[in-house]
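Every number here is computed from the coordinates shown, using simple stated rules; none is lab data. These figures come from a predicted structure and were not determined experimentally. Positions of Cβ are backbone-derived with ideal geometry, glycine not excepted, and every protein chain shown enters the neighbour counts.
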Amino acid sequence: MKILFATSEIYPFVKTGGLADVCGALPPVLHQLGAEVRLFLPGYDAILKNLKHPCQIAKYNGIGTIQDARILFGILEHPDGHFPPTPCYVFDSPQLFAARHPYIDEHGRDWPDNHIRFGAFCHAAANLIHYDPMWQADLIHGHDWQCGLIPLYSQRLASPPAGEIPKFLFTIHNIAYQGLFDNWHMAGLGLSWDDFTPTGLEFFDRISFLKAGINYADFITTVSPTYAREICETDLGCGLQGVFQDRRDHLCGILNGIDTQVWNPAHDPYIAKNYSFETITKKIDNRKSLIKEFDLRIPTDRPLFGIISRLTPQKGFDLVLKITPQLIAEKCALIVLGNGDKDLESGFLALQEQFPHQVKIINAYNEIFAHKIHAGADCILMPSRMEPCGLVQLYAMRYGTPPLVRDTGGLADSVEAYQGDDNNSSITATGFKFYRDDAADLLQSCQSVIQSFAVPKVWKTLCINAMRADFSWDISARAYLDLYKKLIG
Ligand code: ADP
Ligand code: GLC
């Protein structure tokens, strides 16, 4: 079974969020399970730098007026062994990808040529059938709006192949990002107005890459079963509910897994003290180290809350801003690693100024601090308004740090909520949940964390349950494999 795995992000080379983690971890597991996987990636600097034995297999003269674009083939490898050597096609275009953030400029605005950057990327992926006739994919697995036009270009190839065109599986990681562009770009993208329809790629008179992916894919997955339901039935479908309902028979949710090597407290090189669930008492050294490093003052019987996230309204951190003074009154502390939305950043900065020994914000993107906080915090907060899957709560559980989450999407599917049962032996919970998008509900749930933390036997059980939960990729990768088989027939 030959699978072309197309993505605009891949850990550890190019990452803005969880998409990269998934696309870095899943292909090697699929390979172990017997699929022949090749990657298809944009030619970002970090990709080209780590592509071993690159050779040009074709020049790209598809859509747009792009100079010197070509298709390379090589082996993608990471010097630290973070990534197993994997065959990889690269859409190399210095004009579109060199020395650039994947999506936004230095002012946080979308690149004005994003439609052509990812349009040409999709077009090149669809045309691989011509560029490399020796390796014909049975199925292309594309991710998010950046891959949304692949199935349309595949179905409208200028010179269709003699055999079958590859099937297309579209995985949506976040419906809030849709790849919307003005309709005057249709011609530049080499698209026909015949496809500019509500059952094609038209969305409120604009071009929607995401909608194209939904309508033209052979099958669609999202990253958790609950999110798959929510996007059909609630406004989390972001206006596409009807489109999802029409395709409901071709849609399912598969919960993400995690890379248990990269996220492993027993061998993590970035944390103060390694531990497993058998030696969980050593976790406290990580808390002490974090407290010292950030000069926090917090009594031993009070929880240290942590946040590791992109700061966007999606994640619900405005609720945390509202309740932080009450957490401080309870003598708790909060450490935030994140950047993004300016209002959220300045909200946390103001709290830090007001409570310098109880609130710290690391206003940056930093992988090492992410590991330290997972190990050193007592509870990770994820009050998301919507969360297609969420990986941070899975990493938190792996580190024995029970997460407090809102009951939505993958958070609902991955965390079992503590119900306040003091009978130690019957506790199966792995974290805490609140239900309404409401600061008072979040506060109530934080109070339940504070109370449970004060009962060491209960807390230890929660931590161990969280650590024992299995979120390795094995199960989900098999679900993808079954789907590939079904689609390929
Ligand atoms: P999303 O993809 O919506 O951002 P996920 O929970 O799926 O949410 O994945 C987020 C990923 O990005 C995780 O790997 C998390 O550790 C990482 N991350 C987010 N913000 C930061 C940050 N400021 N520093 C380091 N890692 C971060
Ligand atoms: C998206 C979602 C997140 C999910 C990640 C990986 O960025 O916001 O919930 O975990 O993709 O699938």
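Could you work out how far helix 18-32 tilts from the main Cα principal axis of the chain, as a 0 to 90 degree angle to the nearest 10?
Helix 18-32 sits roughly 70 degrees off the main axis of the chain.
Semi-axes, largest first, in whole Å: what does sqrt of 5 times each Cα gyration tensor eigenvalue give for the stretch 177-237?
In descending order the semi-axes read 25, 12, 9 Å.
To the nearest 0.05, what FRET efficiency results for Ser472 and Thr65 with a Förster distance of 51 Å applied to their C-beta separation?
Values: r = 46 Å, r/R0 = 0.90.
After rounding, the FRET efficiency stands at 0.65.
From the phi angles alone, apply the Karplus equation (6.51, -1.76, 1.60; θ = phi - 60°) to the stretch 216-227 and give each ³J(HN,Hα) in whole Hz, x where the residue is Gly or Pro.
Values per residue, Gly and Pro as x: 9, 5, 6, 7, 10, 10, 10, 9, 7, x, 5, 5 Hz.
Taking a quarter of the surface of the Cα convex hull of the stretch 277-408, what do you get in nm²?
7.5 nm²
Compute and list, largest first, the equivalent-ellipsoid semi-axes of the stretch 323-363 from the alpha carbon gyration tensor, each √(5λ) rounded to a whole angstrom. Show your work: numbers first, answer last.
Working: eigenvalues 63, 18, 14 Å².
For the stretch 323-363, the semi-axes come out at 18, 9, 8 Å.
Using only the alpha-carbon atoms, how far is helix 283-293 inclined from the longest principal axis of the chain? Give it as 0 to 90 degrees, nearest 10.
Once rounded, one gets 90 degrees.
Mind listing P(r) for the stretch 369-426? All alpha-carbon pairs, 10 Å bins, whole percents.
25, 47, 25, 2
Can you compute the charge dipole magnitude of the chain about its Cα centre, using +1 on each Lys and Arg Cβ and -1 on each Asp and Glu Cβ, nothing else charged? Give it in debye, rounded to the nearest 20. Write out the running numbers ahead of the final one.
Details: 43 positive and 54 negative charges, 199 e Å.
Using Cβ point charges on Lys, Arg, Asp and Glu, the chain gives about 960 debye.
Once you order the gyration tensor axes a ≥ b ≥ c over the Cα atoms, which shape class does the stretch 202-294 get: rounded for a/c under 1.5, otherwise prolate or oblate by comparing a/b with b/c?
Working: a/c = 3.53, a/b = 2.86, b/c = 1.23.
Cα axes put the stretch 202-294 in the prolate bin.
For Gln56 and Ala440, what is the calculated FRET efficiency with R₀ set at 35 Å and r taken between the beta-carbons, to the nearest 0.05? List each step's numbers first, then the result.
Values: r = 60 Å, r/R0 = 1.73.
According to the calculation, E is roughly 0.05.
Identify the trypsin sites (Lys or Arg not before Pro) of the stretch 423-489 meeting these criteria: DSSP loop state and at most 11 other C-beta atoms within 10 Å of the C-beta. Kindly include the intermediate steps, with their values, before the conclusion.
Numbers: sites: Lys433, Arg436, Lys457, Lys460, Arg468, Arg478, Lys485, Lys486; in loops: Arg436.
Passing both the DSSP loop test and the Cβ count: Arg436.
Take every Cα pair under 8 Å in the stretch 277-468 that's 6+ residues apart, average their separations, divide by the length, and report that relative contact order as a whole percent.
Working: 365 pairs, mean separation 43.6, N = 192.
Relative CO of the stretch 277-468 lands at 23 percent.
Would you please name the GluC sites (Glu not before Pro) within the stretch 11-107 that are DSSP coil residues with at most 10 other C-beta atoms within 10 Å of their C-beta? Before the final figure, lay out the partial values.
Numbers: sites: Glu36, Glu77, Glu106; in loops: Glu77, Glu106.
Qualifying residues, ordered by number: Glu106.
If the reach is capped at under 29 angstrom between alpha carbons, list the lysines near Lys342, excluding any in the same chain fewer than eight residues apart.
Straight-line reach from Lys342, under 29 Å: Lys15, Lys292, Lys315, Lys322, Lys331, Lys360, Lys372, Lys433.
Rounded if a/c is under 1.5, else prolate if a/b beats b/c, else oblate: with a ≥ b ≥ c from the C-alpha gyration tensor eigenvalues square-rooted, which is the chain?
Working: a/c = 1.88, a/b = 1.79, b/c = 1.05.
Prolate.
Starting from the Cα of Ala329, step 7 Å toward the Cβ, then list every residue of the stretch 369-384 with an amide N under 11 Å from that point.
none
What ranking do 195-208, 325-338 get when scored by the average of other Cβ atoms within 10 Å per residue, highest first? Each step should come with its number before you reach the end.
On the way: 195-208: 16.9, 325-338: 20.0.
Per-residue Cβ counts within 10 Å, averaged per peptide and sorted highest first, yield 325-338, 195-208.
Under 12 Å between alpha carbons, and skipping anything fewer than 8 positions from Lys273 in its own chain: which aspartates and glutamates qualify?
Hits, sequence-local ones excluded: Asp285.
222 nm [θ] for the chain, helices only, -39500 (n - 2.57) per DSSP H run of 4+, per residue, to 500?
On the way: 18 runs with 173 residues, N = 489.
After summing the helix terms and dividing by residue count, I get -10000 deg cm²/dmol.
Would you mind checking the tilt of helix 439-453 against the longest principal axis of the Cα atoms of the chain, expressed as 0 to 90 degrees and rounded to 10?
With rounding to tens, the tilt is 60 degrees.
What's the magnitude of the charge dipole for the stretch 277-468 around its Cα centre, counting Lys and Arg as +1 and Asp and Glu as -1 at the beta-carbon? Answer in Debye, nearest 20.
Values: 22 positive and 22 negative charges, 100 e Å.
Rounded to the nearest 20 debye, it is 480 debye.
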